[in-house]
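Student: Take this structure first; my questions come after.
What follows draws every value from the coordinates through simple rules; no lab data is involved. No experiment lies behind these values; they were computed from the predicted model shown. Every residue, glycine as well, gets a Cβ built from its backbone with ideal geometry; the counts of neighbours run over all protein chains shown.
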Amino acid sequence: MNWSQAQSKYFSAPLVLIHSGLGPGDTLQHKAGKPDWYLSRLEEIAKKIQKKLRDQNPSTLDLSLYGVEQLENEAIFNAGYGAKLQSDGQARLSCSLMDGETQRFSSLSNLEGFQHPSKIVQKLLDERDRNLSGEGAALYALEKGIEPASPITEARLEEWKNKKAGQTGTVGCVALDSRSHLAACTSTGGRGMERIGRVSDSCTPAGNFANPWGAVSATGIGEDILDAGLAAAILSRLEDRMSLQESVSRAFLRHQNKHFGIIGLDREGNAIVHATQGTLGFAIITPEKTYIGLDSEDWGKISI
């Protein structure tokens, strides 16, 4: 896929943008084809988000969390239920949430035994200790009454038995409301077959960030995203009054050999989907319309 030039598009708020991971996922193996089953899953999730937009007048935090929860529910995506397994055959999940208005960030990493890390970071956002890992994150979830449930599927077990790391995959959601408030949430099962204890970018500001000027969720090879400080780098430029399109272009300029992609919004309603390579499943949701795609060609065809 040729993502040669970052291109933003304007939409009226409220607005939600989701992604299903760079690749997207190991099933497609970076092929250029657009399988109906994959697009239909994105469309179903987009319609659920649209209904929430229409019926409930939700906050950006509610929207970003709801979007990610729907993606975590879908076993074909590498987050929540159906997440990839690490080298020892266990699923360890990572997730973060950021409120652009308050600039509060919550996260968890290497969580075992739960299907919805997004529900846990939601509760963590109000805590003093807002960033937890491993056993501490699991204990916190139990304290808050969140029921444990295995995220491991038969398909992922078979994948692990064949020592198949697969392609990259992460899910994310960024949201903008009519008051120009922004939020971002990102969730992942990791790379697959990785060393126990590896930390994902998705639980850091490199992979998930929001401020009063914008919101970004990243996907791809975590180490590449961390090396670039990607999401925070984009939004620091936005804070300095650079446009969203130029901010993304600058952030990607020195990293063309890296493997990552992003979705992003600014407070004016500009949206962007961009990657260094590969496909990137996305959906844009407004109260009136939804737009679904998998690659730069799909993004380029969207006309408002």
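Student: Could you order the peptides 211-219, 44-52 from most to least packed, using the average number of other C-beta atoms within 10 Å per residue?
Tutor: On the way: 211-219: 28.2, 44-52: 17.7.
The packing order, highest mean first, is 211-219, 44-52.
Student: A follow-up question, please. Points 7 angstrom from Cα along the Cβ direction at S178 and E297: gap in nanometres?
Tutor: Going by the 7 Å Cα→Cβ label model, 3.9 nm.
Student: Which of rounded, prolate, oblate describes segment 1-123, given a ≥ b ≥ c as roots of the alpha-carbon gyration tensor eigenvalues and a/c under 1.5 marking rounded, otherwise prolate only if a/b is larger than b/c?
Tutor: Here segment 1-123 falls in the oblate category.
Student: Using 0.36 nm times the number of residues separating D227 and E246, minus their current alpha carbon distance, what extension gain do you get?
Tutor: 4.8 nm
Student: State the extension gain, in nm to one decimal, for the chain segment bounded by D62 and S40, taking 0.36 nm per residue of separation less the distance between their alpha-carbons. It would help to have the intermediate numbers written out before the result.
Tutor: Working: separation 22, 0.36 × 22 = 7.92 nm, distance 2.35 nm.
Going from the current span to full extension adds 5.6 nm.
Student: Can you give the calculated 222 nm mean residue ellipticity of the chain, where each DSSP H run of n ≥ 4 adds -39,500 (n - 2.57) and the sum is split over every residue, rounded to the nearest 500 deg cm²/dmol?
Tutor: The helix contribution divided over the chain gives -9500 deg cm²/dmol.
Student: Right, next: Given R₀ = 30 Å, what would the calculated FRET efficiency be for K163 paired with K289, taking r from the Cβ atoms and rounding to 0.05?
Tutor: Computed FRET efficiency for K163 and K289: 0.10.
Student: Out of these labelled values of volume of the Cα convex hull per residue in Å³, (1) 114; (2) 151; (3) 128, which was calculated from the coordinates shown here?
Tutor: So the calculated entry is the one marked (1).
Student: Set the Förster radius R0 to 35 Å, insert the Cβ-Cβ distance between Q256 and S87 as r into 1/(1 + (r/R0)^6), and round the FRET efficiency to 0.05.
Tutor: Values: r = 30 Å, r/R0 = 0.86.
The computed FRET efficiency comes out at 0.70.
Student: Can you classify segment 157-224 as rounded, prolate or oblate using the Cα gyration tensor, where a ≥ b ≥ c are the square roots of its eigenvalues, rounded means a/c under 1.5, and otherwise it's prolate if a/b beats b/c and oblate if not?
Tutor: prolate
Student: Right, here's the next one. So what's the net charge close to G80: Lys and Arg +1, Asp and Glu -1, counting the other residues with Cβ under 11 Å from its Cβ?
Tutor: Result for the neighbourhood of G80: -2.
Student: Show me the helices of the chain, taken as full DSSP H stretches, that run 30 Å or more along their long axis by Cα and average 0.5 or above in Kyte-Doolittle hydropathy. Display every interim value, and only then the final one.
Tutor: Details: long enough: none.
Membrane-span-like by this criterion, though nothing is claimed about a membrane: none.
Student: Tell me the Kirkwood radius of segment 73-120: reciprocal of the mean inverse pair distance over distinct alpha-carbon atoms, in Å.
Tutor: 11.6
Student: How far is the Cα center of segment 261-289 from the Cα center of segment 102-136, in Å?
Tutor: After rounding, the separation between the Cα centres reads 25 Å.
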